[in-house]
């Protein structure tokens, strides 16, 4: 861990970011669900999605600003789409962790992949948090949980989608080492007909580790070697 911190001091610039991202990844440990955590005096429970969560998930989705739903592949305000989601979880294609406060779902993260396709090495990470619990670290915690789950599943490439103005989400993923790969102009349309840009961020796990190994090696070289 100490060596990661020295990377920034010795090399500076991008290497500093790399060391910080590596430390964030090391802190990303999968909790033993169900797990109760306290975030700024708010107690919530993280657990795996269950079939009985259908109505609570619908209520959560319908409580969100419509803009928050634009990057999703499904309209989770619709019962049949939530049913399909639960079926994907049951089939092992998705892993979803929900955040519960009392009887309400107030957030979730999903690691979505399909082990039977040519993209079986990839997984998409999705994170949504209720507006009332933003700014307390829940989004970061869910991002870390998704990252840990993806690693457990042997994912080699992780991607995340968001509209370009969702800067809190962008920062959360950047802290884990994700970088912008594309911006698709006018990719999504809301119910009023307005178009929004979609940003795709990605993390190539093997490439990140190779960059980290190189930075660690360079950090140990005498100055004359650079």
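Observations on the structure shown:
- Selection status of residue 154, surrounded by fewer than 18 Cβ atoms within 10 Å (Cβ to Cβ) and farther than 20 Å from residue 69 by Cα: yes
- Residues within the range 35-71 that are loosely packed, with under 12 Cβ neighbours inside 10 Å and within 19 Å of residue 136 (Cβ to Cβ), tallied: 6
- Filtering the range 72-89 to residues that are surrounded by fewer than 15 Cβ atoms within 10 Å (Cβ to Cβ) and at pLDDT 95 or above leaves 78, 79, 80, 83, 84, 87.
- Taken over the range 144-172, the residue count meeting the criterion of being under 18 Å from residue 113 (Cβ atoms) and free of Cβ contacts under 8 Å to residues at least 40 places away in the same chain is 2.
- The strands (runs of 3 or more DSSP E) found entirely in the range 128-226 that carry 2 or more residues being within 11 Å of the chain's Cα centre (by Cα) are 157-163, 195-204.
- Residue 96 part of a helix (DSSP H, G or I), in contact with a helix residue (DSSP H, G or I) (Cβ under 6 Å, 6 or more places away or on another chain) and under 22 Å from residue 30 (Cα atoms): no
- Hey, residue 176 touching a residue at least 60 places away in the same chain (Cβ under 8 Å) and surrounded by 14 or more Cβ atoms within 10 Å (Cβ to Cβ) or not: yes
- Residue 138 being touching a residue at least 40 places away in the same chain (Cβ under 8 Å), out of contact with any helix residue (DSSP H, G or I) (no Cβ under 8 Å at 6 or more places or on another chain) and crowded, with 22+ Cβ neighbours inside 10 Å: yes
- If the condition is being in contact (Cβ under 8 Å) with a residue 12 or more places away in the chain and in a loop (DSSP other than H, G, I, E, B), then the range 99-127 contributes 103, 113, 114, 115, 121.
The values are calculated or read from the model by the stated rules, or taken from the named source; none is laboratory data. These figures come from a predicted structure and were not determined experimentally. Because the Cβ atoms are built from the backbone with ideal geometry, glycine has one as well, and the counts that use them run over all protein chains shown.
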